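Here is the structure we will look at.
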Amino acid sequence: MKNRFFFPALLAIVLLSCQQPTSKNKEYTKNSGKIHGTFYHATYLHPEGKDLQPEIEAKMREFELSLSTFNPNSIISSINNNEDSVTVDDYFVTMYHEARQVSELTGGAFDITVAPLVNAWGFGFGDQERKELPDVKSILPYIGYKKISLQDNQLVKSDKRIMLDASAIAKGQSSDVIGELLESFGCENYMVEIGGEIACKGVNPKGKKWQIGIDKPTEEIFEEQRELQIVLGITDCGMATSGNYRQFYFKDGKKYAHTINPLTGYPVDHNLLSATVIAASSMRADAFATAFMVLGVDSSLAVCRRVPDIECYLIYADEAGNYQVSYSEGFEKYFNE
């Protein structure tokens with residue numbers, strides 16, 4: 001699964017066509033900054049032109065108190081530390097139920113109990129020194145979404161060694177939360193992006209669908225060096241991209257990717273380079289995009305055929321190392337003409 005929640009964005013999805021409109025009575029507000037250990041951008045049309053950045057950042061900090069594994073006072077950190085009588089909040093409950101459903105729909109390819117594995121492989125909130133390869137067999141007994149449950153607003157574990165990592169769903173959820181905040185202030189047109197996970201509604205400042213680019217899966221980390229694979233037009237949905245091509249390390253001549261398969265305990269090793277998912281919410285898109293990086297091309301497309309409310313766009317390498325693309329049947333409607 002994806003590495004930690006509070007980590008710089010690995011797949012900076014480029015946001016296009018966000019110039020200020022010429023009409024003075026339809027000026028969109030743009031906010032940006034650093035949150036959750038990554039960057040956020042919000043573009044929105046407030047009915048009275050109000051700048052909501054203070055409210056946005058306050059809501060993000062509130063969200064961190066629920067699901068940040070890097071905040072020792074957060075709910076998820078308290079659960080991981082096995083503190084007594086930790087009561088979960090609405091953010092956690094929403095995350096838990098969505099995560100559980102995606103786990104079931106993907107045969108366990110998505111699993112928020114993957115934290116001990118992610119940490120052991122040096123990609124999570126634990127030791128990052130990567131001195132030696134982990135003993136996977138000793139960790140797998142306390143990995144598995146069926147080994148936890150919610151009872152009376154408390155997270156119950158079958159084993160105290162179980163730890164949770166919401167990194168593969170929480171940035172998407174945070175984007176949704178900010179979208180809901182904007183709607184509560186009367187904003188009917190907005191785009192929120194946090195670490196590459198997007199929630200959007202209505203139209204952009206040019207009166208068109210929001211124009212979102214998918215990066216080509218290269219290892220370039222600087223924005224000016226990145227190339228776009230395709231530009232999509234989306235609205236009233238969530239979108240997320242996951243991939244392994246910018247977050248990995250080499251040890252003893254072998255490449256280890258940051259996506260960990262919770263079923264095997266090992267980093268994935270296949271030809272799928274990136275998975276983009278569009279769903280009703282950014283949270284749902286985020287979770288499925290991570291699961292698809294575990295499943296690979298064929299199994300991901302099969303899941304899309306079974307699950308009616310998601311579409312995917314997959315970039316993979318063929319035997320010659322060339323980029324190829326596969327996408328679900330319903331994804332074509334997002335292609336720009």
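Filter region 185-227 down to residues that are of a type in the set (A, V, I, L, M, F, W, C) and at pLDDT below 85, then give me how many there are.
Of region 185-227, the ones of a type in the set (A, V, I, L, M, F, W, C) are 185, 187, 191-192, 194, 198-200, 203, 210, 212, 214, 221-222.
Next, only the ones that are at pLDDT below 85 stay: 221-222.
Count: 2.
Among SER175, SER167, which is the only one that is modelled with pLDDT of 95 or more and among the hydroxyl-bearing types (Ser, Thr, Tyr)?
One residue alone meets the criteria, SER175.
Every residue in region 66-91 that is part of a helix (DSSP H, G or I), touching a residue at least 24 places away in the same chain (Cβ under 8 Å), under 22 Å from THR38 (Cβ atoms) and not hydroxyl-bearing (Ser, Thr, Tyr), please.
Of everything in region 66-91, those that are part of a helix (DSSP H, G or I), touching a residue at least 24 places away in the same chain (Cβ under 8 Å), under 22 Å from THR38 (Cβ atoms) and not hydroxyl-bearing (Ser, Thr, Tyr) turn out to be LEU67, ILE76, ASN80.
Can you pull out the residues in region 197-206 that are without any contact (Cβ under 8 Å) to a residue 60 or more places away in the chain and either part of a loop (DSSP other than H, G, I, E, B) or of a type outside the set (Lys, Arg) (or both)?
Result: CYS200, VAL203.
Name the one entry in SER149, SER184 that is out of contact with any Leu (no Cβ under 8 Å at 6 or more places or on another chain) and small (Gly, Ala, Ser).
SER184
Tell me yes or no: at least one residue of region 53-64 is without any contact (Cβ under 8 Å) to a residue 40 or more places away in the chain, more than 21 Å from the chain's Cα centre (by Cα) and over 25 Å from VAL86 (Cα atoms).
Looking for residues that are without any contact (Cβ under 8 Å) to a residue 40 or more places away in the chain, more than 21 Å from the chain's Cα centre (by Cα) and over 25 Å from VAL86 (Cα atoms), one finds at least one in region 53-64, hence yes.
Answer with yes or no whether GLN151 is farther than 18 Å from ALA291 by Cβ and either of a type outside the set (Val, Ile, Thr) or over 16 Å from the mean Cα position of the chain (by Cα) (or both).
For GLN151, the condition - farther than 18 Å from ALA291 by Cβ and either of a type outside the set (Val, Ile, Thr) or over 16 Å from the mean Cα position of the chain (by Cα) (or both) - is met.
PRO47 fails exactly one of the following numbered conditions: (1) at pLDDT below 95; (2) part of a loop (DSSP other than H, G, I, E, B). What is the number of that condition?
(1)
For region 98-124, what are the residues that are modelled with pLDDT of 95 or more and of a type in the set (Phe, Trp, Tyr)?
PHE110
Is it true that some residue in region 239-246 is modelled with pLDDT of 95 or more, assigned to a loop (DSSP other than H, G, I, E, B), over 14 Å from the mean Cα position of the chain (by Cα) and within 26 Å of MET95 (Cβ to Cβ)?
Keep residues of region 239-246 that are modelled with pLDDT of 95 or more, which gives 239-240.
Cutting the leftovers down to assigned to a loop (DSSP other than H, G, I, E, B) gives us none.
No, every residue in region 239-246 fails to be modelled with pLDDT of 95 or more, assigned to a loop (DSSP other than H, G, I, E, B), over 14 Å from the mean Cα position of the chain (by Cα) and within 26 Å of MET95 (Cβ to Cβ).
Does region 309-337 hold any residues that are within 20 Å of the chain's Cα centre (by Cα) and exposed (fewer than 15 other Cβ atoms within 10 Å of the Cβ), and which are they?
ASP309
Answer yes or no: is there a residue in region 305-313 that is at pLDDT 85 or above and in a helix (DSSP H, G or I). Before you say what the answer is, go through the steps one by one.
First, the residues of region 305-313 that are at pLDDT 85 or above: 305-313.
Okay, now just the ones that are also in a helix (DSSP H, G or I), so 305-306.
Checking region 305-313: at least one residue is at pLDDT 85 or above and in a helix (DSSP H, G or I).
Tell me the helices (runs of 4 or more DSSP H) entirely within region 92-196 that contain at least 1 residues that are crowded, with 24+ Cβ neighbours inside 10 Å.
Here the list reads 115-120, 167-184.
Would you mind stating whether ALA168 is under 18 Å from the mean Cα position of the chain (by Cα) and of a type in the set (Gly, Ala, Ser)?
When the stated conditions are applied, ALA168 passes them.
Considering every residue within region 317-337, establish whether at least one is part of a strand (DSSP E or B), within 19 Å of GLY108 (Cα to Cα) and touching a residue at least 12 places away in the same chain (Cβ under 8 Å).
Within region 317-337 (the criterion being part of a strand (DSSP E or B), within 19 Å of GLY108 (Cα to Cα) and touching a residue at least 12 places away in the same chain (Cβ under 8 Å)), the answer is no, since none of the residues qualifies.
Can you pull out every residue in region 288-316 that is without any contact (Cβ under 8 Å) to a residue 40 or more places away in the chain, in contact with a Leu (Cβ under 8 Å, 6 or more places away or on another chain) and not small (Gly, Ala, Ser)?
Across region 288-316, the qualifying residues are VAL297, LEU301, CYS312.
crowded, with 24+ Cβ neighbours inside 10 Å, modelled with pLDDT of 95 or more and either touching a strand residue (DSSP E or B) at 6+ places or on another chain (Cβ under 6 Å) or within 20 Å of ILE178 (Cβ to Cβ) (or both): is that true of VAL277 in this structure?
Yes: the conditions hold for VAL277.
Determine, yes or no, whether LEU52 is surrounded by 13 or more Cβ atoms within 10 Å (Cβ to Cβ), at pLDDT 95 or above and in contact with a His (Cβ under 9 Å, 6 or more places away or on another chain).
Working: surrounded by 13 or more Cβ atoms within 10 Å (Cβ to Cβ): yes; at pLDDT 95 or above: yes; in contact with a His (Cβ under 9 Å, 6 or more places away or on another chain): yes.
Spelling it out, LEU52 is indeed surrounded by 13 or more Cβ atoms within 10 Å (Cβ to Cβ), at pLDDT 95 or above and in contact with a His (Cβ under 9 Å, 6 or more places away or on another chain).
The values are calculated or read from the model by the stated rules, or taken from the named source; none is laboratory data. This is a predicted model, so every value here is computed, not measured. No Cβ is skipped: glycine too gets one built from the backbone with ideal geometry, and neighbour counts run over all protein chains shown.
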